[in-house]
Amino acid sequence: MKKTIIRSTFYLVILSVIAKALSFIVRILLARKLSGDAMNYYSLASSTMVFMITLAQMGIPNALSKVIAQSHNPHKPLKAAIFLSVCSNVIIIMLFLFAIPFMAHVILKQDVILPVLYAILPLIPIVTISGILKGYLFGIQRHMSATACQLFEEGSRIIFLLIIFDRYPLLDAVSMARLAMISISVGEVFSSIYMLLSLLIKKRTPLHVPALFHDLQRKNFDEVLHVSIPMTGSRLIGSLTYFLEPIVMVYGLSALQSQAMINAYGSVNGYILPIITMPSFLTITLSNFLLPSFTYHYTRHHEAQANKLFTTILGCCFLVGMGCSVICYFYNEELLQLFYHTNKGALLLKQMAWPFALYALQPPLSSMLHALSLSKKPYQIPWQVP
């Protein structure tokens, strides 16, 4: 059992390292190609994007992985998750569509950001589909396929951005920020295509569309909602805070002060946070592996295997977080210079290094609460800006 955990963890770490390298290439590409104003607009819209996606997903992807892992018939929870996701997406998209002009003009005080906010609309259902597929793969213990999809996601984003920026090098700041937002949708589409092909090749999802929902019962929805609602509440706290950050910053400020604050906000979210939250690609991957795997063993009364799995993954996350904090503390200027060709924000990166060591422990602890159905109080920090 221990060798199996270590081997699976090792393969997942390798895939995550490659995916994160590609993700950071995307971040470097955006930092070097986007102008200062474009990065500010992209950062402002990203907080809204995270909040909308949290509302639309309702915690269903992770809940699905847990429910399927403890179920002998994975298709009924999948059907219930699809139905709930369609309903939530329609409601959120319609509300958001009418709220966008108000948000840009009154809340963010940036009318020019309208095209960037509208680019979030197609992303909401695409991310929901991708999340359901990933949750299903984790639930049926197909961890490698669920993790490998990140390679296709980030790789397609890189290719899209390279082609667009090469073909249209003289775009204005708003158009560049809009294309950066659209690139997230492109990545999620290719990720979903890969997961669908993986499922079809293995013939693990023989769903017939005309009879998709006829055999669903209330208990199938209750199983998913019992996990997803507490999970949504925990994540909503963090995503709402992230959404309100730029609004609180510019509230009551003059136009000049507001622009200066937005510039600082763009620097923190565009340069510092991507570096200091770098270990999250490992901790989140390991936590996604922990939730269904722990549930699988725990519900079958394999307590020893479940405990070994938890302690192994928690120890790995702690070592990853401490290692990143040490590097950010002692080599803050070198990191900023290496990735972004600037040392702006080096002092802030150094000051934030040690507190963020605890950030690596949050995903596995949160997954454990969800696995044990004790997830009424966990708090997830949504500082993973795509």
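The values are calculated or read from the model by the stated rules, or taken from the named source; none is laboratory data. Only a predicted model underlies this, so the values are computations on that prediction, with no experimental measurement involved. All accessible areas refer to the heavy atoms of the entire protein, side chains included, with ligands and DNA or RNA removed. Shrake-Rupley method; radii C 1.70, N 1.55, O 1.52, S 1.80 Å.
For this structure, a couple of remarks:
- Accessible surface of the stretch 280-340 [probe 1.4 Å, protein heavy atoms]: carbon and sulfur percent: 66
- 26 Å Cα-Cα threshold exceeded, pairs from Lys33/Lys134; Lys66/Lys308; Lys134/Lys308; Lys76/Lys134; Lys20/Lys350: Lys33/Lys134
- Counting only protein heavy atoms and using a 1.4 Å probe, the accessible area of His226 comes to about 120 Å².
- Globularity ratio of the stretch 1-141, using Cα Rg and 2.2 N^0.38 Å: 1.30
- Shape class for the stretch 23-100: oblate, because the ratio a/c of the largest to smallest gyration tensor axis (alpha-carbon atoms, square roots of eigenvalues) is 1.5 or more and b/c is at least a/b.
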